[in-house]
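*Asks:* Questions regarding the structure given below will be posed in turn.
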Amino acid sequence: MRFGYDLLALPYLAVAIGCVLVLAGFAVTLVLASFARVRAEKRFGQPELVDKLATFDATGRRAFKGVLLVLGIALSFVALARPQFGRGTRLIPATNLDVIVVLDYSKSMYARDVLPSRTARAKAEVARLIQDLPGARFGAVAFAGEPMSFPLTSDGAAIAQFFRQLDPNDMPIGGTATARALERARELFARDPKAKEHVRVIVLVTDGEDLEGDPEAVARACAQEGTRIDVVQIGGRAPEVIPEVGEGGKVTGIRRGDDGKPLTTELSAEGEAQLARIAETTHGAIVRSEHGETGIDRVAKELARMMREELSEKVETIYAEEYAWPLGAALLLFVLEALLPEAPRRRLTETAAPSPLTVKERRRARA
C-alpha cells in the first residue's frame, strides 16, 4: 500500500490538525456541560427536582454525533491522501537513444599527435562507439567550412561507412564552422518524427574553435529542446605541424603558408572556453584528448552506461486507486451525523376538553 500524496504535505497536515482541534473542542464542550449541570443542580435546589425539569439529557447524543463527525473528517483526510494498493506489474520498454556524431574534417585533423592521425583515429573510434551502442540510432554530420550530413538511421554500419569514405581533402570548403554543423544536427533531429520521443545526444568531435558563427547560441537552442551535446576536444594549446596529404592518404610533406613557414594547429584559450561552454550549456560532458587518445571511447562508455542503467527496460508495479472506500465511509458518517437528532421527537398528547357546564351547575357555581 502507498499514498498518492505525501501525508505530511501542507494541505493534509492542516486537515489533520483541524481534526485534532475539533476532537479537542468536543471534549472540552462535554466537560463544560458536565460542570454546568452540577452547578445548576446546586443552585436551583435538590438534584431530583432539577432532573424533573429537564425533558432530555442530550450530552450522550452530542458526544456520539461529535465522534461521527471526527471520524468522517479523518476518513476524508485518508481519501485525500489517495491510498493505492498494488495490483500487478508491467514492463516499461526501453527508451531509445538517438546520437548524431558531428565530426570535424578540417585540414588540421591531419595532424599526427594522435596516431596514425587525428582524423583516422577519430573515424575508427566513432565506428567503435557505434558498435558499443546496439539499439541506438545514429546520424552523421561531417564538417569543415560547410557541413555534410546523413539522416538518423538504425543502420550503424551505414554511418560508419559515411565517415570512413570521407577525408579532409574531400570537403569543398575549408575552415571550422562548428555553429553550422551543430545547426545541421538540430535539423536532423527536427526532421525525424521519432526523435521527439527519444533521448537526443550530439557528440561533437573537433580540434578547433569556430571563428565565423555562434555555436554557443546553437547550444542554448539545443538545451531548450532537451538535446545534450558532448564535446570531444582533440589537440590542445601546443602547436602541432599539419602534414600535406595527397591522394590515397599518403603524406607528401608539410603544409606551408604563403611565407613558406610550416602551418601549425593549436587551440587558443578562448577556443577551449568556447567548447567548454557548449557542453555546459546543454549539461553535456567535455572530454579532452590526452596520452595519444582522442577521448571518444570515454564518451562511448558513458553512453553505454546510460543505455544500460537509465534507459533500460524496467518493471513497474501497477497501483489501483482506492480512495473511494474511505471517501464513501466519510460521506456515510456525515449523513448519519446530520440525521441523528440531539433529542428524541416528542409525542404530542391530546388533552381532554372540559365538558360544558349544565345550567344547574352554573347556578351553583354562582351561589
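*Asks:* Go through the stretch 216-227 residue by residue and turn each phi into a ³J(HN,Hα) via Karplus (6.51, -1.76, 1.60, θ = phi - 60°); whole Hz please, and just put x for glycine and proline.
*Replies:* 5, 5, 5, 5, 5, 5, 5, 4, 5, 8, x, 9
*Asks:* In the stretch 229-248, which residues have a backbone nitrogen under 17 Å from the label point lying 7 Å from residue 268's Cα in the Cα-to-Cβ direction?
*Replies:* Within reach of a label on residue 268, which here means backbone N under 17 Å from a point 7 Å along Cα→Cβ, the stretch 229-248 contributes 236-240.
*Asks:* Over the stretch 207-261, what is the relative contact order in percent, taking alpha-carbon pairs closer than 8 angstrom and at least six residues apart?
*Replies:* 23
*Asks:* Determine the sum of side-chain charges near residue 261: Lys and Arg each +1, Asp and Glu each -1, restricted to other residues whose C-beta is under 15 angstrom from that of residue 261. Let's see the in-between values first.
*Replies:* Values: positive: 255, 256; negative: 240, 244, 258, 259, 266.
So the surrounding residues net to -3.
*Asks:* What number, in nm² with one decimal, is the all-direction average of the projected area of the convex hull of the alpha-carbon atoms of the stretch 97-312?
*Replies:* 11.3
*Asks:* Could you tell me whether the stretch 262-313 comes out rounded, prolate or oblate from its Cα gyration tensor? Rule is a ≥ b ≥ c as square roots of the eigenvalues, rounded for a/c under 1.5, then prolate if a/b exceeds b/c, otherwise oblate.
*Replies:* Note, shape of the stretch 262-313 comes out oblate.
*Asks:* If you don't mind, there's one more thing I want to ask. Say each of residue 244 and residue 165 gets a label point 7 Å from the Cα, pointing the same way as Cα to Cβ; how far apart are those two points in nm?
*Replies:* Placing both labels 7 Å along Cα→Cβ, they lie 2.9 nm apart.
*Asks:* Something else about it: With an 8 Å cut-off on Cα pairs and a minimum separation of 6 or more residues, tell me the relative contact order of the stretch 129-200 in percent.
*Replies:* Contact order relative to length: 33 percent.
*Asks:* Next question. Which aspartates and glutamates have a Cα less than 15 Å from the Cα of residue 301, not counting those fewer than 8 places away in the same chain?
*Replies:* 125, 132, 230, 293, 309, 310
*Asks:* A follow-up question, please. What ranking, highest mean first, results for peptides 304-310, 66-72, 149-155 when packing means the other Cβ atoms within 10 Å averaged over each residue?
*Replies:* 66-72, 149-155, 304-310
*Asks:* Using a cut-off of 13 Å between beta-carbons, work out the net charge of the residues near residue 72 (Lys and Arg +1, Asp and Glu -1, residue 72 not included).
*Replies:* Working: positive: 65; negative: 337.
For residues surrounding residue 72, the net value is 0.
Here, each number is a calculation from the coordinates, and none is a lab measurement. As the structure is a prediction and not an experimental result, all values here were calculated from the model. Here Cβ is always computed from backbone atoms with ideal geometry, including for glycine, and neighbour counts include all displayed protein chains.
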